[in-house]
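Comments concern the structure below.
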Amino acid sequence: MNRRDWMKRTTAAGLSLIANRWQRSMAEAASVNDHFIRLADIPLNKATSLGASFADFHIMQTDSESLFAREQMVQGVVAESTFGCSVRVLVDGAWGFAASDDRSEESLVQLAESAVAIARAQGGWRRRPVEIEILPAFNGRWEQPIEVDPFAVALEEKIGRLLAINQAATGSGATFCSSHLSQVRERKWLANTFGSHIEQSRVRIFPGASVTVTDPRKNEFATRASFSPPRGAGYEYFRDLDCIGDARLAVEQAREKMVAPSVVAGKLDLVIAPSNLWLTIHETVGHPTELDRAMGFEANYAGTSFCTPDKLDTLRYGSEHVTIGADRTALNGLSTIAYDDDGVETAGREFAIIDRGVFRNFQMALGQAAWIGRTSSNGCAYADSFEAFPIQRMPNISLKPGPDPSVTVQDLIAGVEDGIYIEGNNSWSIDQQRYNFQFTGQVFHKIHHGKLVGMYRDVAYQGNSVDFWNACDGLGGEKTYELGGAFNCGKGQPGQAAPVSHGAVPARFRQINVLNTSDEAGNKTVASNGNCNGGKLGQWG
Amino acid sequence: MGLMPVGITPDESKVLCQRVLGLVQADSAEVRVAVAADQHLRSANNDITSNSIANRIAIHLTVSYGQRSASISTNQTSDAALREAVEKVQALARLVPKDPEHLPPVEPADYDEPIMWAEPTAAATPADTIGWMRPVIEQARAARVESAAYLIRRVGATALSNSCGLFVHQPHTSVGFSMTARTLTGNGSGWASTQVTHAHNLDLTRIAEQAIRKAIDSRNPAERPAGRTTVVLESAAVRDLLALLVENLDRRSFDEGRSFLNSLFSNETSLEKPGTDRRDPIGSHLFGDKATLVCDPLCPEAPCGTHDGGLPLVRTPWIEGGVLKAMHVGRFWALKQGIKAQPSPGNIIMPGDGLTLEELISRVEDGVLITRLWYLRMVQPQTLLHTGLTRDGTFAIVHGKLAGPVKNFRFNESPATVLKNMVASGIGQRVLGGENAMPMHVPPLIVKDFNLSSVSDAS
Ligand SMILES: [Zn+2]
């Protein structure tokens, strides 16, 4: 069924029915708004009376909807709602935390008691007390500005768009195509014993598709995933994307990839598009500069960091071209919010992590600034659900454009004798101290004499974070800036997923180690058409 | 919060399922209920850093009108909330186009009684878990290392019920524990873990001792050049690689020509006698003779549930003596191809040769002992090539003996190749994985020609 047929079959009754389907969530949220101050007093007073020096109370409501379509089949329509609350206390220098989906007064008292009991059980044998800074009290309300609420858009419209993408792909010769759309609304309420009462709401959306072409005679296949990143935005983002055009291009590129020559491993100059570079920024700059991680708090899971506090203001993290900033205020940023989950106001707390190549600051949550001799958190706390302890998570972390606004990606490519222009993110991996990374991509254009001349396949680039950023010798101008990002960045035990955006311009890196992935798999390759084993598969981002 | 959530007993859970199904007017429906009362305790730098205790319920309902269906999840169980969820998901389902691959709910079947529950684990309180954690932190302090650890006490149940009359309820308990120890000088790092069903089987002192020992032994690593080499993989590394293999044994992907098995099978069968069925890889000798992987829900060392979406899960060899014996086959694909559906494995058991780790090491002339892997990601699905790194204790082996710590490596290797190149195996163990939670009981392995791609400075 194509999109037009599908739209014809839907009824006006269906459309109106669906517009009201998130009513209950809205009614619940309104009821929290009406009673929040009184409700919050219950666990906060209880915690204080039991000896807590600090306590906060969170309510979180998450609504989501995910759609999956494969070729002309809709195989997943999933709505999800969770609602619950938590109490966090600091007693005698130890944290305690308890959460429940039960918001009755009795339950709130019990949560405060449980949290205090956990904290007290650490009394007498802790080595170092937890100390936190005093935060100003905020009474704030913030709602992310969006144009079209994706939860108010008819299901038929969304499904129709996904099926149209798949049809464009298979119509252009894809063997398979799948597409998806996910949308999330987070509503959060926070009160703490500093006197804050904060209510916030934000929306994010993630459209995507992946095409596969196969050659059964040669037992080969190749795929190309869409380049559309998730955004902190309304439905207008999906509506205005040229998904159809991208699906057709994806098929063309997947086909070309299947017969492209296999790259010869060695040192090559790379020009990396924002659609690939955002993830490299995330892994090589984002995670290493999380202060809790650098201080050993993630040692048992994600690891520690090469980037330790003694390197502040001295480490040459990158070349003089490289300035990487952090904020929670960027338009459409997935990490954008007015107050973090510790109750810290984010406006005015934007900071440079790397300034003209020099390492300048870490990302911090409550109680961490004193570790590096600073006075207060820069607003990077986040809890991914009502039952999650807030931890330090990434703000939006972005590579600033070069000083010359007129520089285009073609200008960067023109400066390369032999190299590769890489688009789209794919596989990624980095060690637990963030030195040694390896990334692949979706499309690898061969650069020769400053021009794009066809494609390569089997490409991965490998390097050391600091060496890599020091090899950067050119950046696109302002107009080439694009916001990439991840819906689900993982950290912590139990694992928490956080959304985060990374803006970037295309950038040029000299003499980066390029691997041939077929060689790595132990298959002999020839640098010409037609050998078996090759290509790349896009995983869902 | 010692209270169990509603739904932990079969009776409560049945009532809840019936409440939900009773509201449904659609042609068919399936409800899954998952309840949990988990306790998480986390430490770093030899102090508790955070904890959480949370009672949780998730109700997941799928309804269908003919071939149109939609799903909804909620954690709200009031009558009003359930009614609204049902109305909403019914409204969604009516608007969804017909899915030609839609199937009616699964028919009831007989399921083995699972062995995943132990009362003392369920009864453990937050004070108990702190009581378990405190001695290992004190052990690390006494050894003058910095420790970071994570303990999760899990108690819960899952129930599945549908409009064909199926109802199955399976409770489970477990305690997982992992600890990283790091030396104050010399960049030593060690990790060890355990997972048990029964809290009485917890021996955290032994796990802490292993992590501390590895941290001390791995100080001041030398640099050994990268390259293809013989490695001894401890169980934690083996389980991460095998999980990636098993996840990708999928019949439909193969039939559609987009599985690593397409090229592997075609390469192998070109060597076999004429007349081999080139469309069915089951029964082909694709891996090394010593490769045997079994799903066994009633394996006492690492049990799992005895159904997958209502399909009975019974002891199933997936690979036996190097021969592929099973692949995941979804219900629709089974019907279309006229073959039997095969649920995904709930656990993986690899019987070992019974050699001790020392005996395995003694068989290696020149190689590397890898204790744990990290950040495994698919690089090339056509070959199942994955990349990742070694971590928390990597050692040289020379003339059959450990010859000091070496720097960590990045590897690029396919788990299919690992199973081809395995030479010997040790004694099975249940340890935690880096990125996968499936219960696994697997031995350490000797693997030849393992592709260590480059040296990592991480320690
Ligand atoms: Zn991440």
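The values are calculated or read from the model by the stated rules, or taken from the named source; none is laboratory data. Small disclaimer: the values here were computed from a predicted structure and weren't measured. Backbone-built Cβ (ideal geometry, glycine too); neighbour counts: all protein chains shown.
Are any of the residues in the range B:210-220 under 15 Å from B:G176 (Cβ atoms), assigned to a loop (DSSP other than H, G, I, E, B) and of a type in the set (A, V, I, L, M)?
Taking every residue of the range B:210-220 in turn, none turns out to be under 15 Å from B:G176 (Cβ atoms), assigned to a loop (DSSP other than H, G, I, E, B) and of a type in the set (A, V, I, L, M).
Quick test for you: out of A:L249, A:L270, A:L241, pick the one residue that is closer than 26 Å to A:A222 by Cβ, in contact with a Gly (Cβ under 7 Å, 6 or more places away or on another chain) and modelled with pLDDT of 95 or more.
A:L270
Give me the pairs, please: first residue somewhere in the range A:494-505 and farther than 18 Å from A:G477 by Cβ and more than 10 Å from the ligand (Cβ to nearest atom), second residue anywhere and assigned to a strand (DSSP E or B) and among the aromatic types (F, W, Y), beta-carbon distance under 6 Å, and either six or more positions apart or on two chains.
Listed pairs, sorted by first residue: A:P499/A:F487.
Within the range B:31-45, how many residues turn out to be closer than 30 Å to B:W191 by Cα and touching a Cys at 6+ places or on another chain (Cβ under 8 Å)?
0
Out of all the residues in the range A:303-356, which are in contact with a Lys or Arg (Cβ under 6 Å, 6 or more places away or on another chain) and without any contact (Cβ under 8 Å) to a residue 60 or more places away in the chain?
Of everything in the range A:303-356, those that are in contact with a Lys or Arg (Cβ under 6 Å, 6 or more places away or on another chain) and without any contact (Cβ under 8 Å) to a residue 60 or more places away in the chain turn out to be A:E320, A:T346, A:A352.
Please verify whether A:Q539 is more than 19 Å from A:P229 (Cβ to Cβ), within 16 Å of the ligand (Cβ to nearest atom) and either modelled with pLDDT under 95 or assigned to a loop (DSSP other than H, G, I, E, B) (or both), treating the condition exactly as stated.
No; evaluated as a whole, the condition is false for this residue.
Residues are listed down the side, and each one gets a yes or a no for (1) more than 28 Å from A:S406 (Cα to Cα); (2) surrounded by 24 or more Cβ atoms within 10 Å (Cβ to Cβ); (3) of a type outside the set (S, T, Y):
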position: A:H445; (1), (2), (3): no, no, yes
position: A:M455; (1), (2), (3): no, no, yes
position: A:K491; (1), (2), (3): yes, no, yes
position: A:Q496; (1), (2), (3): yes, no, yes
position: A:V505; (1), (2), (3): no, yes, yes
position: A:F509; (1), (2), (3): no, yes, yes
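Would you pick out the residues in the range B:364-391 that are under 20 Å from B:V431 (Cα atoms) and more than 8 Å from chain A (Cβ to nearest Cβ)?
B:L369, B:I370, B:T371, B:R372, B:L373, B:T390
Among the listed residues A:I165, A:I132, A:I159, identify the single one that is outside any strand (DSSP E or B), under 30 Å from the mean Cα position of the chain (by Cα), away from chain B (no Cβ under 14 Å) and at pLDDT 95 or above.
Checking each option against the conditions leaves just A:I165.
Starting from the range A:265-285, take each residue that is within 14 Å of chain B (Cβ to nearest Cβ) and list its partners that are within 15 Å of the ligand (Cβ to nearest atom) and in a helix (DSSP H, G or I), counting only C-beta distances under 6 angstrom and pairs at least six apart or across chains.
A:T284/A:S465
Residues B:E101, B:E87, B:E30: which one is acidic (D, E), touching a Ser or Thr at 6+ places or on another chain (Cβ under 7 Å) and assigned by TED's automatic domain parsing to the domain that holds B:R154?
Among B:E101, B:E87, B:E30, only B:E30 is acidic (D, E), touching a Ser or Thr at 6+ places or on another chain (Cβ under 7 Å) and assigned by TED's automatic domain parsing to the domain that holds B:R154.
Would you be able to say whether some residue in the range A:378-387 is assigned by TED's automatic domain parsing to the domain that holds A:D473, more than 16 Å from the ligand (Cβ to nearest atom), at positive phi and at pLDDT 95 or above?
Within the range A:378-387 (the criterion being assigned by TED's automatic domain parsing to the domain that holds A:D473, more than 16 Å from the ligand (Cβ to nearest atom), at positive phi and at pLDDT 95 or above), the answer is yes, since at least one residue qualifies.
Taking strands (runs of 3 or more DSSP E) that fall entirely within the range B:361-402, which contain at least 1 residues that are touching a Leu at 6+ places or on another chain (Cβ under 9 Å) and over 20 Å from B:P415 (Cβ atoms)? Full working, then the answer.
Numbers: elements: B:366-370, B:373-380, B:385-390, B:394-398.
Counting at least 1 such residues, we get B:394-398.
Which of the numbered conditions does B:L384 fail, given that it passes all the others? Conditions: (1) crowded, with 19+ Cβ neighbours inside 10 Å; (2) in contact with a strand residue (DSSP E or B) (Cβ under 7 Å, 6 or more places away or on another chain).
Unmet for B:L384, out of (1) crowded, with 19+ Cβ neighbours inside 10 Å; (2) in contact with a strand residue (DSSP E or B) (Cβ under 7 Å, 6 or more places away or on another chain): (2).
Quickly run through the range A:17-57 and pick out the residues that are in contact with a Lys or Arg (Cβ under 7 Å, 6 or more places away or on another chain) and either within 13 Å of chain B (Cβ to nearest Cβ) or in a helix (DSSP H, G or I) (or both).
A:R21, A:A29
Restricting the range A:449-470 to residues that are more than 14 Å from chain B (Cβ to nearest Cβ) and of a type outside the set (F, W, Y), which is nearest to the ligand (Cβ to nearest atom)?
A:N470
For the range A:389-407, name all the residues that are assigned to a loop (DSSP other than H, G, I, E, B) and more than 16 Å from the ligand (Cβ to nearest atom).
A:F389, A:P390, A:K400, A:P401, A:G402, A:P403, A:D404, A:P405, A:S406, A:V407
Here are the criteria: (1) in a strand (DSSP E or B); (2) crowded, with 24+ Cβ neighbours inside 10 Å. Tell me which single one B:A237 does not satisfy.
In the conditions (1) in a strand (DSSP E or B); (2) crowded, with 24+ Cβ neighbours inside 10 Å, B:A237 misses (1) alone.
Among B:L160, B:L151, which is the only one that is closer than 30 Å to B:N408 by Cα and part of a strand (DSSP E or B)?
Answer to the selection: B:L151.
Among all residue pairs at least 6 apart or on different chains, which show Cβ distances below 7 Å where the first residue, located in the range B:118-146, is within 18 Å of B:R182 (Cα to Cα) and the second is basic (K, R)?
Filtered contacts from the range B:118-146: B:V145/B:R182; B:E146/B:R182.
Out of all the residues in the range A:276-286, is one or more among the aromatic types (F, W, Y) and in the same structural domain as A:S427 (by TED's automatic domain parsing)?
yes
Any residue that is surrounded by fewer than 20 Cβ atoms within 10 Å (Cβ to Cβ), polar (S, T, N, Q) and either at pLDDT 95 or above or more than 16 Å from the ligand (Cβ to nearest atom) (or both) - is there at least one of those in the range A:471-486?
no
Hey, B:R278 hits all of (1) at pLDDT 95 or above; (2) not in a helix (DSSP H, G or I) but one; which does it fall short on?
Here B:R278 clears every test but (1).
Of everything in the range B:325-336, what is farther than 20 Å from B:R239 by Cβ and out of contact with any helix residue (DSSP H, G or I) (no Cβ under 7 Å at 6 or more places or on another chain)? Give them in sequence order.
B:R331, B:F332, B:A334, B:L335, B:K336
Could you grab the pairs with beta carbons closer than 9 Å, sequence gap of 6+ or different chains, first residue in the range B:242-265 and closer than 30 Å to B:V431 by Cβ and within 11 Å of another protein chain (Cβ to nearest Cβ), second one in a helix (DSSP H, G or I) and among the basic types (K, R)?
B:S259/B:R251; B:S259/B:R252
Would you mention how many residues in the range A:391-429 are within 30 Å of A:V213 (Cβ to Cβ), of a type in the set (A, V, I, L, M, F, W, C) and within 14 Å of chain B (Cβ to nearest Cβ)?
Going through the range A:391-429 one residue at a time, the tally reaches 1.
Do we have B:R94 as in a helix (DSSP H, G or I), closer than 30 Å to B:A334 by Cα and out of contact with any helix residue (DSSP H, G or I) (no Cβ under 6 Å at 6 or more places or on another chain) here?
Spelling it out, B:R94 is indeed in a helix (DSSP H, G or I), closer than 30 Å to B:A334 by Cα and out of contact with any helix residue (DSSP H, G or I) (no Cβ under 6 Å at 6 or more places or on another chain).
Among the residues of the range A:509-526, are any away from the ligand (no atom under 16 Å from the Cβ), closer than 26 Å to A:L315 by Cα and in contact with a Cys (Cβ under 7 Å, 6 or more places away or on another chain)?
yes
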